[in-house]
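No value in this document is a laboratory result; all are computed from the given coordinates. Only a predicted model underlies this, so the values are computations on that prediction, with no experimental measurement involved. Using ideal geometry, Cβ is built from the backbone for each residue, glycine included, and neighbour counts are taken over all protein chains shown.
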Amino acid sequence: MKLEVCLSPALLPLYKVEEYIVVIIDIFRATSSICYGIENGAEAIIPVSQVEECAAYREKGTEYMLAAERNGSVVEGFDFGNSPFSYTKEKVAGKTVVLTTTNGTHALHLSRAAKKIIIGSFLNLTALCNWLKTQNEHILLVCAGWKNNFNLEDTMFAGAVVDQLKQNASYVLDDPAIAANDIYDLGKNDISAYLSKTSHGERLKKLGIEKDIEFCLNVDITTAIPVLNGEKLVKMEI
């Protein structure tokens, strides 16, 4: 079985995604917020690529909450963006959220031909890895990056997943998976300190949302695994 890492959505054409279970990774902040929202009882999160697609749900009824983020900020006129603090029980329990983000939803839509798409973050790391260990399938960890560029935080998380799965001798790692695991080894003793130098972290700090960064680096505070079911991300039934 292959255990591989796609370091940027721009590299996805190099993979036959239909052969893989794909894990979408956008640590700062989309996949962290999705995991938190599903854990907190959101009925579903609908990922869309464009702001216009998200806005179109206004015509479909008041049961939808609209979330749109571009360049780290909430798009004007929407309920919220992709801060995890917008996905608390009080705000999303029983609700359907329509979400578009700069990187995470873009990576997801490019991966739609996959056998299955699930969402990963530090928040659900162990639950995610435990489930992946039960699957007899090729796995592709897709890093959302930043506007199709490599980024450190997504790659480090991919390395954390590789670290838990590589003990299974059945997996064959590609070079990006090995490199991601090496990056994780470098920073695993203090993930927050290691990722303090990331360029996207700096962008978010300039927006005054350091608390979002800190929250997204919490490990194993959720157990829900969001899975794409049709057009919706829902809680996987295990």
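List of remarks:
- Backbone N within segment 79-117 under 15 Å of label point (7 Å from Glu137 Cα along the Cβ vector): 111-117
- Amide H contacts under 5 Å for Tyr20, placed H, 5+ residues apart: Lys115
- Every Cα-Cα pair of segment 38-111 was included, and the share exceeding 19 Å stands at 29 percent.
- For Pro176, neighbours were defined as the other residues whose beta-carbon sits under 13 Å from its Cβ, and their charges (Lys and Arg +1, Asp and Glu -1) total -4.
- All other residues whose Cβ lies under 12 angstrom from that of His109 are scored, Lys and Arg at +1 and Asp and Glu at -1, for a net of -1.
- Dmax and Rg, reported as Rg then Dmax, of segment 2-235 (C-alpha, Å): 16.3, 51
- Net charge contributed by nearby residues that have their C-beta within less than 9 Å of Leu228 (K/R +1, D/E -1): +2
- Net length available on complete extension from Asp220 to Thr126 is 33.2 nm, with 0.36 nm assigned per residue and the Cα-Cα distance removed.
- Here the extension length gained between Leu14 and Lys116 equals 34.9 nm, from 0.36 nm per residue of separation less the Cα-Cα distance.
- Label separation (Ala93 vs Lys211): 2.0 nm, computed from points 7 Å beyond Cα along the C-beta direction.
- Here the sum of -39500 (n - 2.57) over DSSP H runs of 4 or more residues, divided by the residues of the chain, equals -9500 deg cm²/dmol at 222 nm, to the nearest 500.
- Checked against a 22 Å cut-off, the cross-linked pairs Lys147/Lys205; Lys205/Lys232; Lys91/Lys205 give Cα-Cα distances beyond that limit for Lys205/Lys232; Lys91/Lys205.
- Taking 19 Å as the limit for the C-alpha separation, the pairs Lys16/Lys115; Lys133/Lys188; Lys116/Lys166 exceed it in the case of Lys133/Lys188; Lys116/Lys166.
- Pair Glu231, Lys197: separation of 7 Å Cα→Cβ label points (nm): 4.4
- Using a Förster distance of 22 Å, the FRET efficiency for His109-Asn168 (Cβ separation, nearest 0.05): 0.15
- Of all DSSP bridge pairs formed entirely within segment 2-235, close to 25 percent run antiparallel.
- Sequence-ordered 3J(HN,Hα) estimates for segment 71-81 from the Karplus curve with 6.51, -1.76 and 1.60 and θ = phi - 60° stand at 6, x, 10, 5, 6, 4, x, 10, 5, 6, x Hz, glycine and proline given as x.
- Taken along the Cα-to-beta-carbon direction at a fixed 7 Å, the label points for Lys2 and Arg58 span 4.3 nm.
- Given charges at beta-carbon only (K, R positive; D, E negative), |dipole| of segment 108-238 in Debye: 400
- Per-residue ³J(HN,Hα) for segment 211-222, Karplus 6.51 cos²θ - 1.76 cosθ + 1.60, θ = phi - 60°, Hz, x for Gly and Pro: 5, 4, 4, 4, 5, 5, 9, 5, 9, 6, 9, 9
- Charging the Cβ of each Asp and Glu at -1 and of each Lys and Arg at +1, and nothing else, the dipole of the chain about its Cα centre rounds to 140 debye.
- Residues in segment 55-62 carry Karplus couplings, in order, of 4, 5, 5, 4, 7, 9, x, 7 Hz; the curve used is 6.51 cos²θ - 1.76 cosθ + 1.60 with θ = phi - 60°, and Gly or Pro positions show x.
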